[in-house]
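Engineer: The structure is given below, and queries will be raised subsequently.
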Amino acid sequence: MEEILKELKQRFSIKDPEKKRDDLHFVKIEKKDTIAVLTYLKHYGGFTHLAFLQAVDRIEDEKFQLTYMLYNYKLKINLAVKVLIERYQAEMTSIHKLWAHAWQYQRELKEMFGINFPGSPRVDESFVLEGWSEKPPMRRDFDTLEYSTKTYYQRPGRSTNDPKKYMKKKLYKNFAKSPDNGRKNG
């Protein structure tokens with residue numbers, strides 16, 4: 001893996017390489033280098049499998065972080081390639097020509113986060129949320145409570161519990177009553 005990382009650093013602007021375990025490494029790249037880096041890793045680095053593509057909404061930075069998790073069967077190593085893209089007008093080049101199944105991940109990210117992947121097959125079709133017209137639900141500024149209050153009626157007889165008090169009462173009732181907080185000496 002060290003050889004691959006060394007080669008990547010020489011060819012591209014790789015930031016913050018990080019080894020989490022012997023079989024798991026992370027690198028950060030610039031958006032403009034994404035296709036070149038992923039192509040290099042697939043064809044010359046042996047990372048022939050795209051395990052997943054995911055997004056994280058970094059609302060404070062006005063960015064989305066895309067993570068491409070690649071796997072090298074020969075070396076039995078995972079490499080996560082992270083790239084930041086703008087949150088507003090979020091768009092990324094499609095990788096479906098490198099990994100045919102990538103269109104499914106890209107379609108899901110378009111629906112759930114609003115990230116566009118121009119040219120990706122079926123990217124504009126509903127994936128899970130048929131007929132959805134609201135803000136994408138995985139964005140951190142999507143208000144779940146507001147949406148559910150507006151969309152669903154409150155059934156009579158329902159009550160709301162404070163989760164902390166409810167858990168203490170239901171699951172830790174003996175713990176809460178014990179003078180030594182449920183600890184036994186011995």
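Engineer: For a quick check of your reading of the model, give me the residue pairs whose first member lies in the range 86-104 and is of a type outside the set (Gly, Ala, Ser), whose second is part of a loop (DSSP other than H, G, I, E, B) and buried (at least 18 other Cβ atoms within 10 Å of the Cβ), with beta-carbon atoms closer than 6 Å and at least 6 apart or on different chains.
Structural biologist: MET92/PHE117; HIS96/SER120; TRP103/HIS96; TRP103/SER120
Engineer: Moving to a separate point now. With respect to the numbered conditions (1) surrounded by fewer than 14 Cβ atoms within 10 Å (Cβ to Cβ); (2) in contact (Cβ under 8 Å) with a residue 12 or more places away in the chain, which one is the sole condition not fulfilled by ILE29?
Structural biologist: (1)
Engineer: Looking only at residues in the range 159-186 that are at pLDDT 75 or above and part of a loop (DSSP other than H, G, I, E, B), which one is nearest to VAL56 (Cα to Cα)?
Structural biologist: From the range 159-186, those at pLDDT 75 or above are 159-171; that's our starting set.
Imposing the further condition that a residue be part of a loop (DSSP other than H, G, I, E, B) reduces the set to 159-162, 171.
On the way: SER159: 33, THR160: 30, ASN161: 30, ASP162: 29, LEU171: 33 Å.
Selected residue: ASP162.
Engineer: Name the residues in the range 16-61 that are more than 13 Å from ALA80 (Cα to Cα) and assigned to a strand (DSSP E or B), would you?
Structural biologist: Within the range 16-61, VAL56, ASP57, ARG58 qualify.
Engineer: Taking the options LEU75, LEU109, LEU5, LEU66, name whichever one is in contact (Cβ under 8 Å) with a residue 40 or more places away in the chain and surrounded by fewer than 18 Cβ atoms within 10 Å (Cβ to Cβ).
Structural biologist: Values: LEU109 fails: surrounded by fewer than 18 Cβ atoms within 10 Å (Cβ to Cβ); LEU5 fails: in contact (Cβ under 8 Å) with a residue 40 or more places away in the chain; LEU66 fails: surrounded by fewer than 18 Cβ atoms within 10 Å (Cβ to Cβ).
That would be LEU75, the only listed residue that is in contact (Cβ under 8 Å) with a residue 40 or more places away in the chain and surrounded by fewer than 18 Cβ atoms within 10 Å (Cβ to Cβ).
Engineer: Follow-up question, since we're still on this one. Here is a list of conditions, (1) of a type in the set (Gly, Ala, Ser); (2) closer than 17 Å to PHE117 by Cβ; (3) under 14 Å from the mean Cα position of the chain (by Cα), and ALA90 meets all of them except one; can you say which number that is?
Structural biologist: (3)
Residue by residue, here is whether (1) polar (S, T, N, Q); (2) farther than 22 Å from LYS97 by Cα; (3) in contact with a Cys (Cβ under 6 Å, 6 or more places away or on another chain) holds:
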position: ILE115; (1), (2), (3): no, no, no
position: PRO118; (1), (2), (3): no, no, no
position: ARG122; (1), (2), (3): no, no, no
position: GLN154; (1), (2), (3): yes, yes, no
position: ARG158; (1), (2), (3): no, yes, no
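Engineer: If you don't mind, there's one more thing I want to ask. Just to be sure I understand, how many residues within the range 134-155 are among the hydrophobic types (A, V, I, L, M, F, W, C) and part of a loop (DSSP other than H, G, I, E, B)? Explain how you work it out, then say what you get.
Structural biologist: Keep residues of the range 134-155 that are among the hydrophobic types (A, V, I, L, M, F, W, C), which gives 138, 142, 145.
Still in the list and also part of a loop (DSSP other than H, G, I, E, B): 138, 142.
Total meeting the criteria: 2.
Engineer: Here's a follow-up. For the subset of the range 133-157 comprising residues that are loosely packed, with under 10 Cβ neighbours inside 10 Å and of a type in the set (Gly, Ala, Ser), which member is nearest to the chain's Cα centre (by Cα)?
Structural biologist: SER133
Engineer: Which number in (1) loosely packed, with under 15 Cβ neighbours inside 10 Å; (2) within 16 Å of the chain's Cα centre (by Cα) marks the one condition that SER126 misses?
Structural biologist: (2) is the only condition that SER126 fails.
Engineer: Within the range 32-51, identify whether any single residue is touching a residue at least 12 places away in the same chain (Cβ under 8 Å), under 16 Å from the mean Cα position of the chain (by Cα) and within 17 Å of ILE77 (Cα to Cα), and answer yes or no.
Structural biologist: Among the residues of the range 32-51, at least one is touching a residue at least 12 places away in the same chain (Cβ under 8 Å), under 16 Å from the mean Cα position of the chain (by Cα) and within 17 Å of ILE77 (Cα to Cα), which makes the answer yes.
Engineer: Please give the number of the condition ASP57 fails out of (1) free of Cβ contacts under 8 Å to residues at least 60 places away in the same chain; (2) surrounded by 17 or more Cβ atoms within 10 Å (Cβ to Cβ); (3) among the acidic types (Asp, Glu).
Structural biologist: (1)
The values are calculated or read from the model by the stated rules, or taken from the named source; none is laboratory data. Please read these numbers as outputs of a predicted model, since none were measured by experiment. Glycine gets a Cβ as well: all are built from the backbone with ideal geometry, and neighbour counts include every protein chain shown.
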